[in-house]
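These notes are about the structure you will find just below.
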Amino acid sequence: MTIVTQDKDTWVGLSAATIESKAERIVARALLVGDRIDAAGLERGEMVATAPLALRLGPAKFVALYRFGVAVFVGFTAIDEQNFLDEIAERIVGARDRKNDETAVLEILLGAEDRVLPGGPIQMPDLSASRFLVIADVLAKTVSLARDESALSGVFDSIEPFAAELARTGRAPWNRRKMLRVIGQALQAQHRLSGRVAVEETPEVLWDHPSLDRLYARLADEYELRERARAVTRKLEVIVETGQGLTDILDVDRAMRLEAVIVILILAEILIALVQIFLAHG
């Protein structure tokens with residue numbers, strides 16, 4: 001016997017034996033696939049949201065595509081995921097090797113409350129489209145934050161030797177190319193992260209389903225979204241200030257060199273004039 005629960009955004013099929021004996025477990029996975037995904041025109045199956053584009057491809061099979069380069073799958077095998085990504089490969093800008101990913105186990109138990117067990121599965125009474133969107137939002141933000149944290153760490157690694165030399169000698173390195181490279185990395189990090197996903201904003205699905213506010217709050221707390229977002233913001237501010245400081249150092253250094261050249265030219269002109277006067281009276 002199969003029990004089917006279905007409403008405007010719920011489609012779950014569970015056997016009676018499964019409900020009585022144990023919960024059904026489904027894997028959700030978020031993958032960083034590129035810098036950006038163009039999802040326009042990819043509507044298929046049953047579309048459950050447009051921003052992000054979210055599709056229901058089966059009773060417990062969902063996918064959501066985020067414009068900042070993250071795809072979230074629920075109920076997909078590894079082969080299914082790869083086949084889907086191969087189909088949309090031309091729409092992925094700046095494709096990556098997908099080192100960044102986040103996996104969560106969803107435990108579907110009829111009659112249960114939404115719970116997020118520390119380090120364990122996410123329990124819920126059904127896998128509705130609205131619950132999927134809440135979970136997908138958190139997983140996508142987690143993967144996006146991991147990308148930002150990695151990018152900022154690389155910039156800090158480049159800044160550290162320069163700062164250490166500046167602290168040790170009190171002077172900026174004479175290698176202007178090295179300074180410009182550090183400034184370029186700082187500006188690049190600022191450009192990449194300035195338009196990053198607004199981690200502290202709640203997903204739009206909560207507007208229509210306020211009952212899921214608690215689930216979202218628990219997930220955001222479990223994955224430390226707000227704390228990590230603030231840490232990324234602080235690091236970005238340090239990098240921007242460092243880039244401005246390096247630019248100021250370059251400006252001062254350029255001005256001092258220009259002044260030195262002007263002084264040398266004046267002295268040379270005076271010397272030439274003195275030589276001419278000496279030769280004229282000699």
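How are the C-alpha pair distances of segment 195-282 spread across 5 Å bins, as whole percents from the shortest bin up? The distribution over segment 195-282 is 3, 10, 10, 10, 8, 6, 7, 5, 6, 5, 4, 5, 4, 4, 4, 3, 3, 2, 1, 1, 0, given as percents.
Taking the beta-carbon count within 10 Å as an exposure proxy, list His281, His209 from fewest neighbours to most. Mind dumping the intermediate values first?
Values: His281 6, His209 18.
With the fewest neighbours first, His281, His209 line up as His281, His209.
Each peptide in 28-40, 138-150, 104-116, 78-90 receives the mean, over its residues, of other Cβ atoms within 10 Å, and ordering these scores from highest gives 138-150, 28-40, 104-116, 78-90. In order along segment 240-253, phi translates into HN-Hα couplings of 4, 5, 5, x, 5, x, 5, 4, 5, 4, 5, 5, 5, 4 Hz, rounded to whole numbers, per the Karplus curve 6.51 cos²θ - 1.76 cosθ + 1.60 with θ = phi - 60° and x for Gly and Pro. Remark: the Val105-Ile249 segment gains 46.7 nm on full extension, using 0.36 nm per residue and subtracting the alpha carbon distance. Close amide H contacts of Leu57 (hydrogens built in the peptide plane, cut-off under 5 Å, sequence separation of 5 or more or a different chain): Phe62, Val63.
Here, each number is a calculation from the coordinates, and none is a lab measurement. None of the values given here were measured: they were computed from a predicted structure. Positions of Cβ are backbone-derived with ideal geometry, glycine not excepted, and every protein chain shown enters the neighbour counts.
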